[in-house]
1. Taking the condition of being assigned to a loop (DSSP other than H, G, I, E, B) and among the aliphatic types (A, V, I, L, M), how many residues in segment 127-141 meet it?
2. Among Leu110, Leu80, Leu97, which is the only one that is out of contact with any strand residue (DSSP E or B) (no Cβ under 6 Å at 6 or more places or on another chain) and surrounded by 15 or more Cβ atoms within 10 Å (Cβ to Cβ)?
3. Of the residues in segment 1-59, how many are closer than 30 Å to Ser76 by Cβ, among the β-branched types (Val, Ile, Thr) and loosely packed, with under 13 Cβ neighbours inside 10 Å?
4. Working carefully through the options Ala24, Ala28, Ala46, find the one that is touching a strand residue (DSSP E or B) at 6+ places or on another chain (Cβ under 7 Å) and farther than 30 Å from Pro136 by Cβ.
5. If you go through segment 162-200 one residue at a time, how many are surrounded by 15 or more Cβ atoms within 10 Å (Cβ to Cβ), modelled with pLDDT under 95, not in a helix (DSSP H, G or I) and not small (Gly, Ala, Ser)?
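The values are calculated or read from the model by the stated rules, or taken from the named source; none is laboratory data. These figures come from a predicted structure and were not determined experimentally. Please note: Cβ atoms are built from the backbone with ideal geometry, for glycine as well, and neighbour counts cover all protein chains shown.
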Amino acid sequence: MAVAIKEYLPSSLALRQEGELVPAVSKANLPVFRIGLKCFFEEGRALARISHPNVVSVLNFFRAHETVYMVMAYESGHSLQEHIQRQRGKGVKVGELFIRTIFTQVVKGLREVHANKLLHLDLKPANIYLRTDGTPMLLDFGAARQTVNTDMPTLTPMYTPGFAPPELYAKTGMGPWTDIYSIGASMFACMVGSPPQPADQRKTEDKMAGHFEKLEGQYSPELVGLVRWCLQVDPLARPQSLFALQKVLQAATPAVAPPAPPAQGVMDRLRGLVGRLGGGAGAKAGPDTLV
């Protein structure tokens with residue numbers, strides 16, 4: 001089995017000299033380095049307990065050379081971010097069925113993560129990996145230093161502008177709703193091709209309403225409404241659990257608003273034609289194509 005090995009070696013706190021195995025950490029950085037080391041180890045322990053097809057599989061984690069290593073199963077594929085860029089490069093939008101299918105599975109994996117009292121805190125298309133069979137997998141829990149229901153000292157969470165909610169900037173009040181904001185931002189990126197307006201800017205002047213208006217007619221009102229719900233600046237205004245997201249994502253809805261019905265006169269002529277032919281069969285639409 002091919003594996004990938006991740007080492008705890010934050011470049012802002014430590015470095016490794018050529019030919020050396022043990023990282024060099026200054027006395028000033030040592031306390032923070034050790035806190036991060038402990039968090040990384042606990043992260044490995046938590047992820048090793050998770051066995052879910054939509055979460056990266058941690059096979060082992062161990063201490064060596066005064067740091068910690070995480071051994072993960074290697075999977076062939078590419079990131080969701082790469083997929084978005086490829087589709088945009090071809091002038092093709094990411095389809096609604098694709099978004100619903102991928103994020104239903106992402107949410108299922110994230111529910112398992114939350115059930116193990118761990119938050120991701122850096123969800124974005126670059127950290128959602130698409131295997132060659134098209135199934136997604138959550139990657140890079142490098143920002144998941146904040147565990148649920150613990151008062152353990154933590155490193156300052158890292159975040160990606162556009163995908164991070166306000167509470168990550170404030171470093172307080174984080175919970176499942178924090179990852180839910182990032183799920184909404186990732187779905188928005190699939191639709192638009194770029195991340196939403198950064199949360200710190202939205203608190204000053206929120207420009208997202210115009211973006212949602214442009215999505216009308218391109219995607220179903222249900223999906224656009226779900227993304228808008230997830231991207232609420234106020235954490236209490238967002239879905240408070242992933243189950244609510246999963247329910248909407250799995251609901252059968254048209255990809256776009258259906259066309260207006262034909263005028264009554266047209267319908268009468270069609271009925272007359274069908275009657276003269278002795279009946280007829282309507283064409284049945286096939287399923288949406290995953291793109």
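1. 1
2. Leu110
3. Qualifying residue count for the region: 2.
4. Residue meeting the stated conditions: Ala24.
5. Qualifying residue count for the region: 1.
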